[in-house]
Structures are given as structure tokens and as C-alpha cells.
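One structure below.
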Amino acid sequence: MSDDPVTALLALAATQRGAFTWKQAQSLGWTEAAATVARRGDWTRLGRGVYVHAFIWEALPERDRHLCAAMGRVLAGRGWHVRAALQRSLMDCRFSVRRRTFPSSCVTGRA
């Protein structure tokens, strides 16, 4: 893992369709002060405690924004969105418990 919290967070977000939680950012070394600055422009809020970096959000086509927002709801553990995402295997991303990996299409959003 990177010593730089920004790089580490972007690497993590890349595995989660761009979304990440505040708790994940904290675990990677983000301080409250740094996060406050980021929330003022660099991070786009997807929901309570869930964000995407603004430049990633702006670059995403509409369909991928929807998938990013859905992943944000799953990360936040919010209600029926979690159940629906799991029932649909989160946009065809099936986690391999044995290998603990995602297919590359889960990261890129492309089959």
C-alpha cells in the first residue's frame, strides 16, 4: 500500500467503482482536517459518509455514475439498495471467496 494517503485512496476507490467511505479514508491516513478540505471540492458526496473523487465523478458517463452511486450505497450498508445489489451480484461482479479477487470487469465496468 502507498505511503501517500491520496494515492492509496484512489487505488482503493478504483476497486470499488470509484466510491469510498470516510472510514476507509481514515484507515489510509486521512486526517479530519485533510478530509474537510477535500470535502469542499475534491470529493463528491454520494451519501452519508460515502464519497467519490470529483474528477472521477466528472469523467464517468451517466451509466457508470449510476453504478458508482450504487456501490456507494452498498458500502454504506443502506437498506434495500444493499439487498438489490447483492441479488444482482452488484452489476455482475462476483467476489471469489476462495481467491479473494474480483474479475477485471468489476474494476473497469466493462465485460
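The values are calculated or read from the model by the stated rules, or taken from the named source; none is laboratory data. These numbers come from a predicted model, not from an experiment. When we count neighbours, we look across all protein chains shown, and the Cβ atoms used for this are built from the backbone with ideal geometry, even at glycine.
Here are a few things to note about the model shown:
- Test: residue in region 61-84 that is assigned to a helix (DSSP H, G or I), in contact with a His (Cβ under 6 Å, 6 or more places away or on another chain), modelled with pLDDT under 85 and buried (at least 19 other Cβ atoms within 10 Å of the Cβ): yes
- Residues of region 1-36 classified as under 22 Å from R65 (Cβ atoms), surrounded by fewer than 19 Cβ atoms within 10 Å (Cβ to Cβ) and among the hydroxyl-bearing types (S, T, Y), total: 1
- Those residues of region 1-32 which are at pLDDT below 90 and basic (K, R), in sequence order: R17
- Some residue of region 37-44 being surrounded by 15 or more Cβ atoms within 10 Å (Cβ to Cβ), at pLDDT 60 or above and not in a helix (DSSP H, G or I): yes
- Annotation note: of L46, L28, the sole residue that is under 13 Å from P5 (Cβ atoms) and among the aliphatic types (A, V, I, L, M) is L28.
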